[in-house]
1. Give 303, 326 a once-over and let me know the one that is touching a residue at least 40 places away in the same chain (Cβ under 8 Å), under 30 Å from residue 355 (Cβ atoms) and in a helix (DSSP H, G or I).
2. For residue 337, state whether it is surrounded by fewer than 16 Cβ atoms within 10 Å (Cβ to Cβ) and at pLDDT below 95.
3. Tell me, please, whether a residue that is touching a helix residue (DSSP H, G or I) at 6+ places or on another chain (Cβ under 7 Å), part of a loop (DSSP other than H, G, I, E, B) and either at pLDDT below 90 or within 24 Å of residue 210 (Cβ to Cβ) (or both) can be found in the range 96-108.
4. With respect to residue 376, determine if the residue is assigned to a helix (DSSP H, G or I), in contact (Cβ under 8 Å) with a residue 12 or more places away in the chain and surrounded by fewer than 20 Cβ atoms within 10 Å (Cβ to Cβ).
5. Among the numbered criteria (1) touching a helix residue (DSSP H, G or I) at 6+ places or on another chain (Cβ under 6 Å); (2) farther than 29 Å from residue 183 by Cβ; (3) at pLDDT 95 or above, which single criterion is violated by residue 288?
6. Name the one entry in 356, 390 that is more than 25 Å from residue 306 (Cα to Cα), modelled with pLDDT of 85 or more and over 17 Å from the mean Cα position of the chain (by Cα).
């Protein structure tokens, strides 16, 4: 036990170590095979109304029930108190909206720590990206205005090659930024679930021992994806220039993309398992596969919805900066449309970089928050982690934290 969501041993069940004083859902009153306790004399259907008492000016309705007793306000039903919420999420199985709200609530509740992490990482990675784009990545090829069909095909191939060359350094820097923010924000979010404060130094101290393993996991998944895509595309590429080669390339690429997507969703909870359960790389992959089993489509849908949301946020923030940058630098929008713009200068790179930093400062916490909260949600659903979370948060009625709770990760 400790003060992060990794305390419960993997695979523990709700009954493991549960004390008699821990509240559990009430059993039905009229269980099958037992005599009914309802009165034989019931009012006619549709004509019953709550009892009233006489008053000076007529009948007075009964008082409104106290919060927590109405079944309409909580899915637990009549007489069931609402789920404990010591932090940014209620300690029960979560809906999609609650997962997204928990990620945003973490950003609001711990904005100093979260923005301190994301802004620092975003600025450093963006400066590196700007320098690489300016001095290392070759300029995009100049396009002819009225090309012949063969020239248009050649220009398309050259543009794709230039795009891949420029995308490589950007993806590498994004991978590094994701690695650092994942390590630190996972700790911040795990504390936010318990309603406990956390500083940047606390997050760094707790995450630092796990950085080598997390780096290995962060590099392994993209390399695995590239290897699968290469295997899918290679047969068609070897038959370059033929109709069969084109068809084989398309079919192989689609098949490889499906396999990559399936694996990435299956292993989407591995970074949280690695950081919060002190797992190794291989063990965290197996742990993620176990938690995702039977819920692949649900997790896939939540991840796709999150990706769409983050893309919209990035576009909303980045497009105004891009338009301003195009207006300030070079031939502006007209040059971009006509294809005469071949290289962007410092004003364009700096202005768009500012927009990218602002967008990343918002999207990094949401992305990490959804990933960690999905992991916690799956453990609540499968292993009753909510009981351990409530006990560690000091919620009344769940027992006192054990002495081991003061040691993170134990």
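The values are calculated or read from the model by the stated rules, or taken from the named source; none is laboratory data. Bear in mind the structure is a predicted one, so any value in this text is a computation, not a measurement. Every residue, glycine as well, gets a Cβ built from its backbone with ideal geometry; the counts of neighbours run over all protein chains shown.
1. The conditions single out 303.
2. yes
3. No.
4. Against the criterion (assigned to a helix (DSSP H, G or I), in contact (Cβ under 8 Å) with a residue 12 or more places away in the chain and surrounded by fewer than 20 Cβ atoms within 10 Å (Cβ to Cβ)), residue 376 does not qualify.
5. It fails just one condition, (2).
6. 390
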